[in-house]
Amino acid sequence: MPYLEACVSETLRLHNPVSAVGRIAAQDYTIGDTGITLPKGMLVNFSIQSMHRNPDYYPEPDRWNPERFMPYNRDKLVPYTYMPFGLGPRNCVGIRFALMEAKTVVVSLVNRFKFIRTPKTTVPLVQTKFQFLYNTGDVYVGVERRK
Ligand code: HEM
């Protein structure tokens, strides 16, 4: 189960369904010593995807590597760099349900079927269009019933 959990976490890092989250500045706010001041009322979008693919936080960022999320590696993750469900008081209310659902589906399918590459399978999976929800276009995989 820890490995399944790590697989789901790593997939949500590499292919996070929601590409960005937004917040509105509640007051004028200067970011550290950058000289940048956000005026009250400004909409700020955080690109989750850029954070998840930043090599400073995730070495070899384009490689799907569940090991990053195994319990013995979790303390190497930099706080606030992993946010597939957003962060803070307005983060996703469905986190637990979504993770439970994803793991249940994977277990149920992998128990009965093998998923294999076909000549039409795109490796690596390429994002076809940058938009609010992750979009890869059509995804082709082969499915074989386990004996
Ligand atoms: C893999 C599945 C899911 C992903 C990746 C996801 C991701 C997100 C993200 C990024 C946000 C914005 C959080 C922020 O602004 O900080 C959000 C908000 C929200 N999500 Fe999800 N979500 C998922 C599944 C679900 C499910 C299953 C439910 C309901 C059962 C749900 C209900 C909500 C609601 C109600 C909000 C708005 C929360 C608020 O504004 O206070 N989500 N989700």
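The values are calculated or read from the model by the stated rules, or taken from the named source; none is laboratory data. Computed from a predicted structure; not experimentally measured. Reconstructed Cβ throughout: ideal geometry from the backbone, glycine too, with neighbour counts over all protein chains shown. Note: areas computed on protein heavy atoms with side chains; ligands, DNA, RNA excluded. Shrake-Rupley method; radii C 1.70, N 1.55, O 1.52, S 1.80 Å.
The table for this structure:
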| item | result |
| --- | --- |
| Folded to 0 to 90 degrees: helix 95-112 orientation relative to the chain principal axis, Cα | 20 |
| Only Lys, Arg (+1) and Asp, Glu (-1) charged, at Cβ; region 50-147 dipole about Cα centre in debye | 460 |
| Among 37, 136, 81, residue whose mean-square fluctuation peaks in a GNM of the chain (springs only between Cα atoms under 10 Å) | 37 |
| Most mobile listed residue (100, 42, 70) in the chain, GNM with C-alpha springs under 10 Å | 42 |
| Difference of contour (0.36 nm per residue) and Cα-Cα distance, residue 102 to residue 120 | 4.0 nm |
| Positive dipole terminus of region 2-112, leading residue within 43, 19, 100 (C-beta point charges) | 100 |
| Nearby lysines by direct alpha-carbon distance to residue 147 (threshold 19 angstrom, same-chain neighbours under 8 apart not counted) | 114 |
| Degrees, to the nearest 10: 2-14 long Cα axis against longest axis of the chain | 60 |
| Of all accessible heavy-atom area on the chain, the percent that carbon and sulfur account for (1.4 Å) | 61 |
| Distance between modelled label sites at residue 131 and residue 113, nm, 7 Å Cα→Cβ extension | 2.5 |
| Euclidean distance of C-alpha centroids, region 1-26 and region 44-62, integer Å | 11 |
| GNM result for the chain, Cα springs below 10 Å: residue of 16, 111, 54 fluctuating most strongly | 111 |
| Per residue accessible area of the chain, 1.4 Å probe, in Å² | 72 |
| Scattering profile of the chain at q = 0.09, 0.13, 0.15, 0.20 Å⁻¹ [log10 I(q)/I(0), Debye over alpha-carbon scatterers] | -0.37, -0.74, -0.95, -1.47 |
